[in-house]
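As structure tokens, the structure follows; a few thoughts come after it.
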Amino acid sequence: MGVSRTVIREALLRLRTIGVIESKKHKGMILTQPDIIQNFEKAIEYNLLGEEALKDIFELRLILEMGMADLLFARKTPEDLDILDKIVTKQEKEERETVVFSLENEIAFHGKLYEMSNNSTLQRFQDLLLPVFQYVHDNMLPEAKDFKYSSGEFVTHRDLLNLLKEDNIKGFRIAMRQHLEPHFEKVLITLKS
């Protein structure tokens, strides 16, 4: 075909790296379904993401959290709500009168929401978001303390939990958007400038 073996080896190596082919001992190479999340994991594991990529992934996180309401309401269980209640109660004891929660409490609450979606890709993606949570916590939250919410007040994790308990999906969507409002505002202001 007029192609050197070196070029073919390089092409096969790249296909193997992204998970399109797999080498099987004594069987040769086979086509596989690429694992997109695994490729993200590799990029994050080796710190290959710059600030722009972290911002893009954070924006994706905002969109995912806004969009998973239907899954949460369809798949939530009383046990899930009890676990969320324990997470929120612990947070309330540790962090009163603040709109900026500790990284540990943020991850616990939002991580439980991803788990409740019962969608394995969403759950794996949430694990990938841990460095993004750190990035946001370090770079975007300081201004949140003084943020002026459009509703006039901050929507807490307790507020979100109560809407889940009340089975108020419409209210939950609105409240989640308000809960994430400082982040959306920062993203949208950055886009306009």
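General remarks:
- Residues in the range 17-28 carry Karplus couplings, in order, of 4, 8, x, 7, 10, 9, 8, 10, 4, 6, 10, x Hz; the curve used is 6.51 cos²θ - 1.76 cosθ + 1.60 with θ = phi - 60°, and Gly or Pro positions show x.
- In this structure, the amide hydrogen of Ile21, modeled 1.01 Å from its nitrogen in the peptide plane, lies closer than 5 angstrom to those of Arg16, Thr32, counting only residues at least 5 positions away or on a different chain.
- Amide proton proximity set for Met29, modelled H, under 5 Å, gap of 5+: Lys24
- Which listed pairs, of Lys55/Lys76; Lys55/Lys112; Lys112/Lys165; Lys90/Lys170; Lys86/Lys186; Lys90/Lys148, have C-alpha distances above 24 Å, in listed order: Lys55/Lys76; Lys90/Lys170; Lys86/Lys186; Lys90/Lys148
- Put Tyr114, Tyr149 in order of accessible area, highest first, and with a 1.4 Å probe you get Tyr149, Tyr114.
The values are calculated or read from the model by the stated rules, or taken from the named source; none is laboratory data. Quantities reported herein were computed from a predicted structural model and do not represent experimental measurements. Ligands, DNA and RNA are excluded from the accessible area calculation, which covers all protein heavy atoms including side chains. Shrake-Rupley method; radii C 1.70, N 1.55, O 1.52, S 1.80 Å.
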